[in-house]
Amino acid sequence: MSEGLQTLISKLKENPRNTVVFHGRSEMERVRFSDLHQAVSLVSQRLGEFGLEAGMQVAMVAENGKAAFLLDLALLNIGCIALQVPEKTAGSALADIGLQNIAFLLVSALHRDEVDTGSWEPIGTLQGMSLFRNPACSNAFAPVAGPIIFSSGTSGKEKKIRVNNATVLLNARQFFSAIDARQDDSFLIFLPLSNYQQKLLIYGCIDTGIDIVLSDMQNVMQALKQTSPSLFLAPPLFYDSMWRLADGRGEKLRELFGTGMRQMWSGMAALPSVILEGYRAGGLPLLEAYGMTEYGPIAVNTLQHNRPGSVGRALVPGSVTLESDGEILLRSSQRLTCGYVDQPVDVEQAVYRDEVAIATGDVGRIDDEGFIFIEGRKNDTIITSGGQKIHPTAVEQSFNSLPCVQYAVALGARRPHLGMLLVVEQIDSSARQLIEKTISDYNVGASVPIRNYFLSTEPFTAENGLLTRNLKLQRKNISSRYETCVFN
């Protein structure tokens, strides 16, 4: 384990001021960092007694909570490579990593049915989790830079990526330094810890000396009210859902997000400007940020430096540049990951250009003050039958701002004009009138007009293949399912 991550364990010991709140549906426990250090030390000792050693890869399948938190830090403490796999796809994820590479497995009671443990040897329990040894492990001490994590990216196809433990803390520090984090801040973290961004936030809070609230997706709204955090990061869909729940009313939004909120960030995809403006008008500082699993945090808007519509300025000056076709290129010798695992060379080289350069696949621009604006995905560009190139997000923005529209998707590849798929809560005359007016307004001066639209009430989810695991549009799947409906 790198010296940087070892620093986290010692920082817990030296900090009796800050706390972690473990928030669940029916209980809430607050523990001081210094007391957590003692608990981590005891769990580390027990892991050693069970035969876990530095360098071993250890998989964990667990929901957010105190047990997963302590075991992750204890595994780091003894030098193991902690592989926290996605709970919903645990079986396939373990198979993808390769059982010959995993020495031990920790599984919570909630997820025992999702993992076939028939070939594993049960050897005990720790923090309420079952611990198994893998008799078939033939590669227990393979020299690796860090854990394998999973990312669906924008393609929706999961890729295995190797984290570089030596750069984890540096990437966390760059983000927390940029946001001007304070000692009295409290960061609410609720997405699954198998999403490595969440661990990066936890490590950054410990390193910086910031209170942590750890909840989960089922209880996050209750956690917001009960713990009043000051810092919060969530995907756009969450803010959109809260906006609709509050009917766009600032007073209701403030009630939903608690009384202490100081800064909130949205990432993964753009938020409609009407929602960003609505939060700000309601006194809630909702900002946009930019990150990439392969690279780490890239850019962020802050209270001091914020340009609506942008994803902020680069955390490291000079690290973000544009290719001749507008693609955003990242450069850093300290990026978060080393590369893909078990991917064809051409797939890896399309992203990991060389030792320092990563191609994002995003198309954008950078203004004179360094603010980065993302205009769409390079591979999502619509090329019409006339050869004109259109970024769909630029078309969709006006429709995503409509209160009746949940999702807007522009279609039109190899066609003379565009069509819109619009997912609405209810199909009625008022929705049609509002949408048709928006189409008319868009078509004024548009080089490629919108001539067709189709309304659907089918929800977009990761389960039905219309969203990725990171809640981004699965454009290929959407197009294959709906293009005929839109253009008929």
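Rule-based calculations on the coordinates, nothing more; no lab input. Predicted model, so just to flag it, every value in this text is computed and none were measured. Note: ideal-geometry Cβ built from the backbone for every residue, glycine included; neighbour counts use all protein chains shown.
With charges set only on the Cβ (+1 for Lys and Arg, -1 for Asp and Glu), what does the dipole of segment 165-377 come to about its Cα centre, in debye to the nearest 20?
Magnitude of the dipole: close to 680 debye.
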So, over other residues within a Cβ distance under 10 Å of ARG313, counting Lys, Arg +1 and Asp, Glu -1, the net charge is -1
Exposure-ranked with fewest Cβ neighbours within 10 Å first, ILE161, ILE97 stand as ILE97, ILE161
Using alpha-carbon positions, the gyration tensor of segment 381-487 gives root eigenvalues a ≥ b ≥ c; with a/c under 1.5 called rounded, otherwise prolate if a/b exceeds b/c, else oblate, the class is oblate
For segment 413-459 (alpha-carbon point model, no solvent) the Debye-based log₁₀ I(q)/I(0) at q = 0.18, 0.19 Å⁻¹ works out to -0.59, -0.64
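Calculate, in nm to one decimal, what THR7 and ARG331 gain on full extension: separation in residues at 0.36 nm each, minus their alpha carbon distance. It would help to have the intermediate numbers written out before the result.
On the way: separation 324, 0.36 × 324 = 116.64 nm, distance 2.64 nm.
Result for the pair: 114.0 nm of gain on full extension.
Tell me, what is the Rg over Rh of segment 165-377, with Rh the Kirkwood radius over Cα pairs? Intermediate values should be presented prior to the final figure.
Details: Rg = 17.3 Å, Rh = 17.9 Å.
Radius of gyration over Kirkwood radius for segment 165-377 works out to 0.97.
Suppose R0 equals 51 Å; then what is the FRET efficiency for THR457 and THR125 from their Cβ-Cβ distance, rounded to the nearest 0.05?
On the way: r = 46 Å, r/R0 = 0.91.
It comes to 0.65.
I need the per residue convex hull volume for the chain, using only the alpha carbons, in cubic angstrom as a whole number. Display every interim value, and only then the final one.
Numbers: hull volume 74.5 nm³, N = 488.
With only Cα atoms used, the chain gives 153 Å³ per residue.
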Magnitude of the Cβ-charge dipole (Lys and Arg +1, Asp and Glu -1) of segment 381-487 about the Cα centre, nearest 20 debye, reported as 460
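To the nearest 20 Debye, how big is the dipole of segment 29-111 about its Cα centre, given +1 on the beta carbon of each Lys and Arg and -1 on that of each Asp and Glu? Don't skip to the answer; put the middle values down first.
Values: 5 positive and 8 negative charges, 32 e Å.
About 160 debye.
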Using alpha carbon positions and the Kirkwood radius, the Rg to Rh ratio of segment 205-273 is 0.96
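Tell me, in nm to one decimal, what length is gained between GLU436 and LYS225 on full extension, where the rule is 0.36 nm per residue of separation less the Cα-Cα distance?
On the way: separation 211, 0.36 × 211 = 75.96 nm, distance 3.93 nm.
Using 0.36 nm per residue and subtracting the Cα-Cα distance, I get 72.0 nm.
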With label points set 7 Å from each Cα along the Cα-to-Cβ direction at ASN379 and ALA54, the distance between them in nm comes to 4.0
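Specify whether the C-alpha gyration tensor of segment 336-381 places it in the rounded, prolate or oblate class, a ≥ b ≥ c being the square roots of the eigenvalues: rounded for a/c under 1.5, otherwise prolate if a/b is larger than b/c and oblate if not. Walk me through the intermediate numbers first.
Values: a/c = 3.40, a/b = 1.78, b/c = 1.91.
Taking the square roots of the gyration eigenvalues as a ≥ b ≥ c, segment 336-381 is oblate.
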If each part is reduced to its alpha-carbon centroid, segment 17-81 and segment 105-147 end up apart, in Å, by 16
Per the C-alpha gyration tensor (a ≥ b ≥ c, the square roots of its eigenvalues), segment 365-407 is rounded if a/c is under 1.5, else prolate if a/b beats b/c, else oblate; here it's oblate
Taking R0 as 56 Å and r as the Cβ-Cβ distance between PHE141 and GLN183, the FRET efficiency 1/(1 + (r/R0)^6), rounded to the nearest 0.05, comes to 0.90
Candidate span helices, the chain: DSSP H, at least 20 Å along axis from Cα coords, Kyte-Doolittle average at least -1.0, result 33-49, 165-178, 429-443
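Per 0.36 nm of contour for each residue apart, how much would the distance between SER324 and VAL444 grow if the chain were fully extended, relative to their Cα-Cα spacing? Mind dumping the intermediate values first?
On the way: separation 120, 0.36 × 120 = 43.20 nm, distance 2.95 nm.
The SER324-VAL444 span can extend by a further 40.2 nm.
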